[in-house]
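Notes for the one structure printed next.
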Amino acid sequence: ANQKPKRILMLFPGGDGVMQIQRKARGIWFHLWGNYLIRTRARFVDAEDIAVSVDMPSDKYVCCVKDRCRLGEQHAADVSAIIAALAARFPGAEFYLVGTSRGTVSAASLGARLGSKVAGVVLTSTVTQSGGDQSGLSTFDFGTLKVPVLLVHPNSDRCRFTPYYARE
């Protein structure tokens, strides 16, 4: 296609973030069909915007379910390489990182680490509470984000890691 998007929305799903994208006889198959961002990704696409669902590295499916991976240098390097490849294919497009639930850990951390490569960050149902060995964004310094940030949070979210009262 000859699409020349102005914006590329990089979608980071919640849960473990592992989609295991595969080509099968009937087309593309992957886990996380029920995840909000994955399920609604086509709604983010129009003449000026495209959506890219970001999977975790296939060689790290087991360890990447931890927040330390989403907050780490290797995750930033991997996503930076994806941005470079997409920027070469779609010159001039701006990149927005969109995360939901545990995917907000990726989006926020990457927004801070990748600096000017990113035009903005959208966080939906942000993981603000820690639990077990998962820190979420409970200790994240939002002041490190130098790009616009949009926080979207339902007041009826029942997840114990994304409570509405913690949105502030």
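The values are calculated or read from the model by the stated rules, or taken from the named source; none is laboratory data. For clarity, every value in this text was computed on a predicted model and none was experimentally measured. Cβ sites come from the backbone with ideal geometry, for glycine too, and all protein chains shown count toward neighbours. With ligands, DNA and RNA removed, areas are computed over all heavy atoms of the protein, side chains included. Shrake-Rupley method; radii C 1.70, N 1.55, O 1.52, S 1.80 Å.
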For residue 108, state whether it is within 30 Å of residue 4 (Cα to Cα), loosely packed, with under 14 Cβ neighbours inside 10 Å and either out of contact with any helix residue (DSSP H, G or I) (no Cβ under 8 Å at 6 or more places or on another chain) or modelled with pLDDT of 85 or more (or both).
no
Residue, farthest from residue 86 (Cα to Cα), within the range 8-37, restricted to residues that are under 15 Å from the mean Cα position of the chain (by Cα) and at pLDDT 75 or above:
13
Can you tell me how many residues within the range 79-102 are open to solvent by less than 50 Å² (accessible area, probe 1.4 Å) and either assigned to a helix (DSSP H, G or I) or of a type in the set (A, V, I, L, M, F, W, C) (or both)?
10
So which of 96, 164 is of a type outside the set (A, V, I, L, M) and at pLDDT 95 or above?
96
Those residues of the range 126-154 that are open to solvent by 20 Å² or more (accessible area, probe 1.4 Å), closer than 16 Å to residue 11 by Cα and at pLDDT below 80 come to a total of 2
